[in-house]
Amino acid sequence: MSDIIIDRLMAAFDRAAELAFRRSAQSIGRRSALSGIGKLLVGGALLPVLPFDRSGQAHAQGASKPDANEASCDYWRYCALDGFLCSCCGGSVSSCPPGAEPSKVTWVGTCHNPVDGKDYLVSYNDCCGKTTCGRCLCNGNVGERPGYRMGVHNDINWCMANTQSMYHCTVSVLVGVADKK
């Protein structure tokens, strides 16, 4: 007798589950399910690329600076640089120090060279993979735009696109002479 009751309950449960799955399949298509999965995958892939503000590191501004021209915030190539100079941190004006790698994304500025009187397009690359240098903090804001214009905003840790997202210092790479149109 108990076997019959259990069989009837199982049959009722099977019918209810089948009905629920059929209604679900009719209201939710495979394309919408695949679309939702695709959105999750793309969103998850973009999350590590999101930049964050590093403007709060101004505490190191009073650090001692070497006398070399390229290690001074007044150097012409640093007009839009916001960060620690790699030339004070074991690198040079245009190369990261050993153990750090350049960021995959950069911000760009146009700086005037007083020696030859020309304007140059300058790419600022954060060097990533080591702890923050903490020396020779410069905050040049020539041509900086609000944070929602990412390509021209310099208060962002651009290392977020790299595998090692820790910011160390910033280099200034000349891209070419700027057009005067």
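The values are calculated or read from the model by the stated rules, or taken from the named source; none is laboratory data. Quantities reported herein were computed from a predicted structural model and do not represent experimental measurements. Side chains are part of the model used for accessible areas, which takes the heavy atoms of the whole protein and leaves out ligands, DNA and RNA. Shrake-Rupley method; radii C 1.70, N 1.55, O 1.52, S 1.80 Å.
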Using a 1.4 angstrom probe on the protein heavy atoms only, could you order LEU81, LEU34, LEU19, LEU121 from most to least accessible area?
LEU34, LEU19, LEU121, LEU81
Amide H neighbours of VAL175 under 5 Å, counting only residues 5+ apart in sequence or on other chains, H built in-plane at 1.01 Å?
LEU121, VAL122, SER123
Extension gain (nm, one decimal) between ASP119 and GLN26, 0.36 nm per residue minus Cα-Cα:
27.1 nm
For GLY140, enumerate residues with amide H under 5 Å from its amide H, sequence gap 5+ or separate chain, H modeled in the peptide plane.
LEU81, ASP82, GLY83
I'd like the accessible area for PHE21, computed on protein heavy atoms only with a 1.4 Å probe and all protein chains in place. Round to 10 Å², please.
150 Å²
